[in-house]
Amino acid sequence: MPSRLRGFTLIELLVVLVIVSIISAAAVLSLGALDGSPPAKHAAEQLAALADLAAQQAVMQGRQYGLRVLPHAYEFLLYDGSNWSPVQNDNLLRVRQLGNDVSLSLQLEGTAVILPKNNNKNGAGSDSNDGSGKQAIKPQIMLLSSGEITPFQITVSASVSSTQYLVKGDLLHGIRFLPSHASAGR
C-alpha cells in the first residue's frame with residue numbers, strides 16, 4: 001500500500017511560531033536584564049549626548065552655554081552678557097539629579113577640580129557671593145558659540161562597583177562617551 005504524504009497544517013505551524021516567539025522574547029528580556037545598562041552608564045551616555053547637544057545649540061543659536069558639574073548632579077547654564085543662569089524652559093537641558101548611587105568627578109586640562117556641594121533641591125548650588133546678597137553661579141565647562149569647548153574629562157562612577165565611565169570633551173574630538181573601565185590600577 002502506498003503511504004500518503006502528509007504535511008503540517010497551518011494551525012500547527014502557527015503554534016510553533018508562537019512558541020518560538022515567546023521563547024525568543026523571554027531570552028531577549030533576560031539578556032537585557034543581565035546587561036541592564038547600569039545607572040552610571042546611562043548617566044554618562046546621557047551627559048555626553050546632552051553636552052554635545054548644548055555645544056551644537058551654542059553654535060547654531062549664537063549663545064554661550066556652560067556646564068556646571070556637581071558631585072551628584074549637573075546643570076546647563078546660559079550667559080546673558082553679564083551673568084550665568086540655569087537654562088529655563090528647556091526640558092532637555094534641565095538640571096539632572098543623579099542620586100547618591102552615581103558620582104561625578106571633573107578634570108579640566110588634566111587637573112582635578114573640587115566640585116561645589118549640591119545645596120538645594122534643584123541641584124543648583126552657589127559658587128560665590130556677587131556682593132548683592134545673591135549667590136552667583138558659574139560653569140566649569142564653557143560651550144561657546146564659536147565652537148570652542150573647555151577641555152574636560154568627567155568620570156561617572158557607580159557606588160556599587162568600581163566601574164567608571166568617561167565623558168571627554170575637547171576642540172579636536174568634540175564631546176564623547178568612552179566605554180567603562182575598572183578604577184583599580186588606572
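Couple of notes before you dig in:
- Any chance residue 106 is of a type in the set (A, V, I, L, M, F, W, C), buried (at least 18 other Cβ atoms within 10 Å of the Cβ), in contact (Cβ under 8 Å) with a residue 60 or more places away in the chain and assigned to a strand (DSSP E or B): no
- Selection count where residues are of a type in the set (D, E, K, R) and part of a loop (DSSP other than H, G, I, E, B), scope the range 87-97: 2
- Among the residues of the range 62-86, just one is closer than 24 Å to residue 107 by Cβ, more than 16 Å from the chain's Cα centre (by Cα) and in a loop (DSSP other than H, G, I, E, B), namely 64.
- Selected residue (only one of 46, 57 is of a type outside the set (Gly, Ala, Ser), surrounded by 15 or more Cβ atoms within 10 Å (Cβ to Cβ), closer than 22 Å to residue 83 by Cβ and at pLDDT 90 or above): 57
- Residues that are part of a loop (DSSP other than H, G, I, E, B), of a type in the set (Ser, Thr, Tyr) and at pLDDT 65 or above, drawn from the range 119-155: 145, 146, 150
- In the range 136-152, the residues that are of a type in the set (Gly, Ala, Ser) form Cβ pairs under 9 Å with partners that are buried (at least 20 other Cβ atoms within 10 Å of the Cβ), at six or more places apart or across chains, as follows: 145/58; 145/65; 146/58; 147/55; 147/58.
The values are calculated or read from the model by the stated rules, or taken from the named source; none is laboratory data. Remember, predicted model here, so these are calculated numbers, not experimental data. Counting neighbours? That spans all protein chains shown, and the Cβs are built from the backbone with ideal geometry, glycine included.
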